[in-house]
1. Of the conditions (1) in contact (Cβ under 8 Å) with a residue 40 or more places away in the chain; (2) assigned to a helix (DSSP H, G or I), GLN87 satisfies every one except a single condition; which number is it?
2. Kindly provide the set of residues from region 48-82 that are part of a helix (DSSP H, G or I) and either acidic (Asp, Glu) or surrounded by fewer than 17 Cβ atoms within 10 Å (Cβ to Cβ) (or both), ordered by number.
Amino acid sequence: MSNYQPYEPHVTTGYAQAQGMRPGVPEYGNMEPFGVSDRHEFRLRPEHPHANVVLILGILSLVLAGILGPFAWSLGNRAIRECQQGQYCLTSSLRVGRALGIAATILLIIFFVGMIVSVIVFSTIGILAAH
């Protein structure tokens, strides 16, 4: 035979009843809605105004124009710095846009290095073939 006992939520008794909570009702049923407490003031920080711009720049830099990557990266860094100072809320769209900007910048650098290497290689081959 098992000692299994089903979970039952804590029921208000004693002090909680004296504070006006209904007897026999689970405590979570007496909670006030989020942000409506007399004891605490809840303030949510707003989303950074450039979060969506950074995300759009990051997507466009990866899909269409890689030259937008450094702009998404730098704007994302600036916005994240402002979020860390406590002015705004750091959102996933800001993080993703910055990461896409970094990825696009790295791909842009690889592309330009590849172009320079290919120009050097083909010009060397052309010079050697001419002799």
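Values quoted throughout were computed directly from the atomic coordinates according to the rules given, and no laboratory measurement underlies them. Given the structure is predicted, the values throughout are model-derived calculations rather than measurements. Cβ placement follows ideal geometry from the backbone for every residue including glycine, while neighbour counts extend to all protein chains displayed.
1. (2)
2. ASN52, ILE56, VAL63, ILE67, SER74, ASN77, ARG78, ARG81, GLU82
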